[in-house]
Amino acid sequence: MIWVLAATVWVTVSVGVYLSLSRDVFRNVLGLAILGAGANLVLFASGRLGSDLPAVVPLGDTVLENAANPLPQALVLTAIVIGFALVCFSLALVLRLIQRADTDDATTLREAEPVPGADPKPPYTPAAHEPPWPPVGAGTEASQARAAGGQA
């Protein structure tokens, strides 16, 4: 049983690394998701695979004899949920990036970045960043009377 799990982990990690080293951004995200699944398998294997006994200490005993450890199982379950949410968010970002850049090649996306010596920030223009003051509609008599506490 442990050899089957070891081979599964090896194949999973190998496929994850292969996909992560691809130039396609979509494959990179899937490769990282598969690497996370491989890490979950390793963590799950640390909790004693062959035991059928529940993790309940019998009355009068202080130590579990042959029961599976529930902590790695709980950690893997949590990691699966967090990993799924992260993959969904990453796929949404990658799909938007592919749509906006019109390419999914990582090298082309790298060339689209600014030159290292250039200033990537646009110049500050106060008129574009400041809200208009006084607010629109503040010059009417009704709004001035309300501001003063009177009725219009």
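The values are calculated or read from the model by the stated rules, or taken from the named source; none is laboratory data. Only a predicted model underlies this, so the values are computations on that prediction, with no experimental measurement involved. All Cβ positions, even for glycine, are placed from backbone atoms using ideal geometry, and neighbour counts span all protein chains on display.
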Checked the range 91-134 for anything at pLDDT 85 or above, assigned to a helix (DSSP H, G or I), surrounded by fewer than 10 Cβ atoms within 10 Å (Cβ to Cβ) and of a type outside the set (S, T, N, Q); matches are 100
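Results for (1) modelled with pLDDT of 90 or more; (2) within 15 Å of residue 5 (Cα to Cα), shown as yes or no for each residue.
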| position | (1), (2) |
| --- | --- |
| 46 | no, yes |
| 53 | no, no |
| 57 | no, no |
| 65 | no, no |
| 70 | no, no |
| 73 | no, no |
| 77 | yes, no |
